[in-house]
Amino acid sequence: MLQFLQNLGKTTRSSFAKLGRASFFLSHTLTGISDVLPRPNLLIKQVYSVGVLSFLIITISGLFVGMVLGLQGFNILSDFGAEESLGVMVAASLVRELGPVVSALLFAGRAGSALTAEIGLMKATEQLSGMEMMAVDPIKRIISPRFLAGFLSMPLLAALFSAIGIMGGHLVGVGMLGVDDGAFWAQMQASIDFQEDIINGVIKSVVFGFVVSWIALFEGYDAIPTSEGVSRATTRTVVNSAFSVLALDFILTALMFGDI
Amino acid sequence: MQHSKTQDTLVGFFVASGIAALFYMALQVSNLGSYTSDDSYTVYAHFQNSGGLKVKSPVNVAGVRIGRVSAIRLDRDSHESIVEMRIESQYNNLPSDSGVSIYTAGLLGEQYISLDPGSSDEFLKDKSTIDITSSAIVLEEMIGKFMLNKAEGK
């Protein structure tokens, strides 16, 4: 029993300590961003590895998610003779929820895990300490550009996901299942509001990009510098990102769409 | 990691396509592209009951949308609903004795205003009021009346 209490206290203390380290890390990273802006080459390189390399998985997944929504939506809506509402259903579910959330989950798996492994290995091979020895702040030089790149790429990836998903829904709904083309777009345009739906979706993806980049970089930076430690940190990145994205999505949806 | 020209191009392509996707959604998917500008005039109508009519519901003539509902409020004295409509100014030749009714698109669809043009030589102007109105048909009310009639008939 005493052992249990001891362990409980230890776990609580260490998790608070980790949260504290993560917060310091974040503020350090954010102040480092001002040093990144005069050197856009650092940023471009990271946007390439974080954003461009995620481009393919995001677009292909978006296409298939949109096509599945088109098929499933058609099956259900045709029972009520409301196939024309297919456009609204596909667009609303992609722009409001699936676009930001699924692309954030894919982003965590594709880019987040790579970031954690990269930073963790840099730590394990003492590259970060080497930089410190040369009086180069590793957070400003290594972490901040990656953070900014993740933060900027996420909304673009989510927008791509939604746009391609809608095209996929159109392909299946209008091209294969014979929904009227005009009604598909007209009903969509009548129901999707620019501010309420699209801007809120972008806000969601900005928040997710911030959180996923933060978690990925911090887990790498905080990893135990062994091969096992890095592998655990990578796992934690994906698990914690998925958990945070889904929990935050609920909170953001309640704030944006639920009249609480 | 070597930084190359191709990388620059690919990053540029990525950012451009992301922004293009946002524009695509703004113009093609949302209502931003079909917003009526200030090029419109306001017409009022008093209804006994405006039912499920909402702001932004369409105003149609012969099935063609000519404007949207811009505000719905309650008249404090007569307890009637005042519906404010913005009609596109290219349709400035609607007779002043036109009537408006609230209809439902389909059985469970959205409610909209249908304007039936009259025969007067004078046209509706900005801030004018349409006098001939017929209220929304509330389905529950109709079912209630029908049930009552049925019960009395027995």
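The numbers here are math on the coordinates, done by the rules we state, and not lab data. Keep in mind that what you see is a predicted model, and the values were worked out from it rather than measured. For neighbour counting, all protein chains shown are included, and Cβ atoms are generated from backbone atoms with ideal geometry for every residue, glycine included.
Summary of computed values
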{"read-out": "Within-13-Å neighbourhood charge of A:Ser14 [Cβ basis; K, R +1; D, E -1]", "value": "+3"}
{"read-out": "Relative contact order computed over region B:37-139 (Cα-Cα under 8 Å; 6+ residues apart), in percent", "value": "36 percent"}
{"read-out": "Sequence-separation-based contact order of region A:25-124, relative, with Cα cut under 8 Å and 6+ spacing, percent", "value": "29 percent"}
{"read-out": "Assigned charges on the beta-carbon of Lys, Arg, Asp, Glu; region A:74-156 dipole about Cα centre (debye)", "value": "400 debye"}
{"read-out": "Rel. contact order, % - alpha carbon contacts under 8 angstrom, at least six apart, region B:46-105", "value": "30 percent"}
{"read-out": "Under 12 Å, Cβ to Cβ, from A:Val179 - net charge with Lys/Arg +1 and Asp/Glu -1", "value": "-4"}
{"read-out": "Candidates A:Ile76, A:Ile119, A:Ile57: whichever shows maximal mean-square fluctuation once chain A is modelled as a Gaussian network with Cα springs under 10 Å", "value": "A:Ile76"}
{"read-out": "Shielding by other protein chains, A:148-161, mean Cβ within 10 Å", "value": "3"}
{"read-out": "Extension gain (nm, one decimal) between B:Lys127 and B:Leu148, 0.36 nm per residue minus Cα-Cα", "value": "3.4 nm"}
{"read-out": "Value of Rg/Rh across region B:37-139 [Cα atoms, Kirkwood radius]", "value": "0.94"}
{"read-out": "Helix A:227-256 axis, angle to chain A major axis (alpha carbon atoms, nearest 10°)", "value": "50 degrees"}
{"read-out": "Computed magnitude of the charge dipole of region B:22-154 (debye, nearest 20; Cβ of K, R +1, Cβ of D, E -1)", "value": "520 debye"}
{"read-out": "Chain A, helix-only ellipticity at 222 nm - DSSP H runs n ≥ 4, -39,500 (n - 2.57), divided by all residues, nearest 500", "value": "-25500 deg cm²/dmol"}
{"read-out": "Gyration tensor verdict on region A:50-252 (Cα atoms; rounded if a/c is under 1.5, prolate if a/b is larger than b/c, oblate otherwise)", "value": "prolate"}
{"read-out": "Diffusion coefficient, µm² s⁻¹, Stokes-Einstein with Kirkwood Rh over alpha-carbon pairs of the protein assembly as shown at 25 °C and 0.890 mPa s", "value": "97 µm²/s"}
{"read-out": "Most mobile listed residue (A:Leu121, A:Leu177, A:Leu106) in chain A, GNM with C-alpha springs under 10 Å", "value": "A:Leu177"}
{"read-out": "Within chain B, helix-based [θ] at 222 nm, where runs of 4 or more DSSP H residues each add -39,500 (n - 2.57), nearest 500", "value": "-7500 deg cm²/dmol"}
{"read-out": "Cα long-axis angle, helix A:200-221 against chain A (0 to 90 degrees, to the nearest 10)", "value": "30 degrees"}
{"read-out": "Nearest-0.05 FRET efficiency for B:Tyr103 and B:Arg73, computed from C-beta distance (R0 30 Å)", "value": "0.90"}
{"read-out": "B:Thr6 paired with A:Glu228, simple spin-label distance in nm, labels 7 Å along Cα-to-beta-carbon", "value": "4.0 nm"}
{"read-out": "Alpha carbon centroid spacing (whole Å) that separates region A:7-29 from region A:110-165", "value": "21 Å"}
{"read-out": "Helix B:5-24 vs. chain B, principal-axis angle (Cα, 0 to 90°, nearest 10)", "value": "0 degrees"}
{"read-out": "Charge dipole magnitude, Cβ of K and R +1, D and E -1 - chain A, Cα centre, debye nearest 20", "value": "1320 debye"}
{"read-out": "Estimated FRET transfer efficiency when R0 is 60 angstrom, pair A:Leu171-A:Gln6 (beta carbons, to 0.05)", "value": "0.50"}
